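The values are calculated or read from the model by the stated rules, or taken from the named source; none is laboratory data. If you're wondering where the values come from, they're calculated on a predicted model, not measured in any experiment. Note: ideal-geometry Cβ built from the backbone for every residue, glycine included; neighbour counts use all protein chains shown.
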């Protein structure tokens, strides 16, 4: 699996969320950006467990992604973040990302991986990015594919 292609495909999938009117559109990158236009989703840390099956048959990736929301108003920013963290629905990042799993029996991320699953959300807190404070959280995504 190619890390940059995987991260880019995850960011593409994240852009499918539909935020409430007046919030703006979610921006997303497959890399850690110098600066963000909030709300913003990006792929960060990428770790790989090699050789989960013999002869380079399967690698397992754990991808840590972050979503950051501007803090024009503490309460409304956290409301937008909560919508993005929902387990289902049009604003759910989990649902948007897992939609990229493809059809049953098919490959995920347009053929880049065997499967993926958003396993957890963590780190709901204030983040500083490029000198600006945002409320945000981390998504942990498990991805499996050929070695």
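Summary of values
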| item | result |
| --- | --- |
| When residues of the range 128-145 are limited to those that are in contact with a strand residue (DSSP E or B) (Cβ under 7 Å, 6 or more places away or on another chain) and more than 18 Å from residue 11 (Cβ to Cβ), the one surrounded by the most Cβ atoms within 10 Å (Cβ to Cβ) | 135 |
| Qualifying residue in the range 35-46 (condition: without any contact (Cβ under 8 Å) to a residue 40 or more places away in the chain, farther than 18 Å from residue 126 by Cα and surrounded by 13 or more Cβ atoms within 10 Å (Cβ to Cβ)) | no |
| Residue check, residue 14 over 16 Å from residue 127 (Cβ atoms) and crowded, with 21+ Cβ neighbours inside 10 Å | yes |
| Extreme residue, modelled with the lowest pLDDT, among residues of the range 52-75 that are loosely packed, with under 15 Cβ neighbours inside 10 Å and more than 19 Å from residue 145 (Cα to Cα) | 72 |
| Residue in the range 4-12 that is in contact with a helix residue (DSSP H, G or I) (Cβ under 8 Å, 6 or more places away or on another chain), under 13 Å from residue 100 (Cβ atoms) and part of a loop (DSSP other than H, G, I, E, B) present | no |
